[in-house]
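First comes the structure, then the notes that go with it.
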Amino acid sequence: MAATVYLDHAATTPLDPRVLAAMRGWLESGCGNPSSLHASGRLARAAVDEARARVAALVGAEPDEIVFTASGTEADNLALWGTLGEAGAAGAHVVVAAIEHPAVLEPLAALAARGVEVTEVRPGPDGTLEPGDVAAALRPATRLVSVMTANNVTGVVQPVAAIARAVAGHGARLHTDAVQAAGKFPLDVRALGVDMLSLSAHKFHGPQGVGALFVRRGVALTPLVRGGGQERGLRSATENVAGLVGFGCAAVLAQAGLAAEACRLVALRDRLIDGVLAAIPCAYLIGDRWRRLPGHACFGFAGLEGEAIKLQLLLDEAGIAVSSGSACSARHAGGPSHVLTAMGFDPITARGSLRVTLGRFSVDADVERLLHVLPGVVASLRPLTSFR
Ligand code: PLP
């Protein structure tokens with residue numbers, strides 16, 4: 001079988017060889033603990049500081065506004081629990097997009113069980129939130145608004161800056177989960193007007209298990225992980241220095257090629273979308289056609305909603321890696337997607353979507369391969385559904 005065509009970059013991205021080289025360089029030469037005062041420790045501290053400055057630069061933040069975490073999930077949890085987890089949060093209110101990743105919705109469910117009130121705002125059928133709907137959900141007790149920068153299922157980019165303007169003056173904090181967006185198009189925390197922003201290295205060709213939360217100066221958080229006081233006391237634990245070196249390197253690489261790479265991926269994505277819609281009559285695009293991440297497409301196939309997993313497995317057999325819905329909900333495979341349900345899809349239709357996502361090493365031939373294989377795979381499934 002031919003080598004795998006990897007079209008699942010929203011799940012994770014291959015490590016850039018330059019990131020691997022930077023991490024290997026550190027692993028082979030450095031062994032210091034950044035908290036140690038001796039020369040090895042100082043070297044490790046310098047490596048962490050450099051990574052912090054690099055990650056900060058990617059999102060227009062100051063280095064002391066970056067708190068390193070072990071994942072995007074942890075960054076989201078820190079933003080939510082750090083704001084609301086203290087005793088006394090009972091009665092507090094949160095406004096959240098109904099299409100958030102489980103890394104936001106699950107901690108909020110746990111907070112709701114402790115008395116925090118949660119209002120979920122739904123997007124329109126195109127997957128986009130209305131800033132006015134978010135503002136209308138505010139209450140005097142609202143302490144936090146959490147709206148993702150770009151959705152992991154549809155790829156739709158949300159109007160976060162407009163939402164920030166719509167909620168400005170209320171006093172509630174604004175958090176955005178930018179895990180899918182960071183490194184894909186220019187992001188600036190000041191232009192967005194957010195108080196907190198979550199990042200994850202493995203979504204832009206950095207290592208897995210390394211994340212960060214931007215916390216605007218003056219925003220106080222309660223730590224989730226307590227101990228030796230690293231990360232200004234907000235996230236104790238000996239730093240994952242090699243991972244952070246990789247995170248910093250990935251941030252520099254993403255930032256250096258951002259505009260050109262975004263244009264390249266938009267052209268590739270548009271070829272993919274046009275090709276699928278032209279070749280497969282029952283195919284439709286899920287989410288706004290233009291307001292989407294450069295390398296992200298999400299399709300439905302009328303009449304094949306129950307076959308999304310099968311579609312994914314058949315493509316896998318043909319050497320093409322894509323995703324049905326999001327990798328994080330793959331364990332609940334077969335159930336309706338909360339993202340599509342919130343967009344107004346009925347529960348049957350919301351069961352089936354095919355997510356095709358491109359990255360730095362994706363080339364024309366990858367898209368052409370999918371366009372060559374997908375029509376036959378879809379056709380092979382249609383007789384199955386017609387017997388229902
Ligand atoms: N938020 C979004 C929007 C995501 O897509 C993901 C991962 O898919 C996460 C958070 C979790 O990030 P991590 O995999 O670093 O825990």
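Report yes if some residue within the stretch 121-140 is on the phi > 0 side of the Ramachandran plot and touching a residue at least 40 places away in the same chain (Cβ under 8 Å); otherwise report no. The answer is yes, given that some residue of the stretch 121-140 is on the phi > 0 side of the Ramachandran plot and touching a residue at least 40 places away in the same chain (Cβ under 8 Å).
Looking only at the stretch 9-33, residues that are outside any loop (DSSP other than H, G, I, E, B) and more than 16 Å from the ligand (Cβ to nearest atom) come to 12 in all.
Close Cβ contacts (under 8 Å, 6 or more residues apart or on different chains) running from residues in the stretch 57-74 that are free of Cβ contacts under 8 Å to residues at least 40 places away in the same chain to residues that are away from the ligand (no atom under 15 Å from the Cβ) and among the aliphatic types (A, V, I, L, M) comprise Pro63/Ala53; Pro63/Ala56. If the condition is being within 29 Å of the chain's Cα centre (by Cα) and of a type in the set (Lys, Arg), then the stretch 1-54 contributes Arg18, Arg24, Arg45, Arg52, Arg54. Any idea which residue in the stretch 161-176 is nearest to the ligand (Cβ to nearest atom), counting only those that are touching an Asp or Glu at 6+ places or on another chain (Cβ under 8 Å) and in contact (Cβ under 8 Å) with a residue 60 or more places away in the chain? Applying the filter and picking the extreme gives His175. Here Phe345 fulfils each of the conditions (1) closer than 30 Å to Leu105 by Cα; (2) surrounded by 20 or more Cβ atoms within 10 Å (Cβ to Cβ); (3) at pLDDT 95 or above; (4) out of contact with any strand residue (DSSP E or B) (no Cβ under 6 Å at 6 or more places or on another chain) apart from (3). Among the residues making up the stretch 193-228, a single one is on the phi > 0 side of the Ramachandran plot and in contact with a Pro (Cβ under 9 Å, 6 or more places away or on another chain): His205. Just one of the numbered conditions (1) within 27 Å of Gly233 (Cβ to Cβ); (2) out of contact with any strand residue (DSSP E or B) (no Cβ under 9 Å at 6 or more places or on another chain); (3) at pLDDT 95 or above is not true of Ala21: (1).
Considering only residues in the stretch 34-61 that are in a loop (DSSP other than H, G, I, E, B) and touching an Asp or Glu at 6+ places or on another chain (Cβ under 8 Å), the one that is nearest to the ligand (Cβ to nearest atom) turns out to be Val59. For the stretch 305-340, give me each residue that is among the β-branched types (Val, Ile, Thr) and either within 16 Å of the ligand (Cβ to nearest atom) or at pLDDT 95 or above (or both). The answer is Ile320, Val322, Val339.
The values are calculated or read from the model by the stated rules, or taken from the named source; none is laboratory data. What you are looking at is a predicted structure, and each value in this text was computed from that prediction instead of being measured. Please note: Cβ atoms are built from the backbone with ideal geometry, for glycine as well, and neighbour counts cover all protein chains shown.
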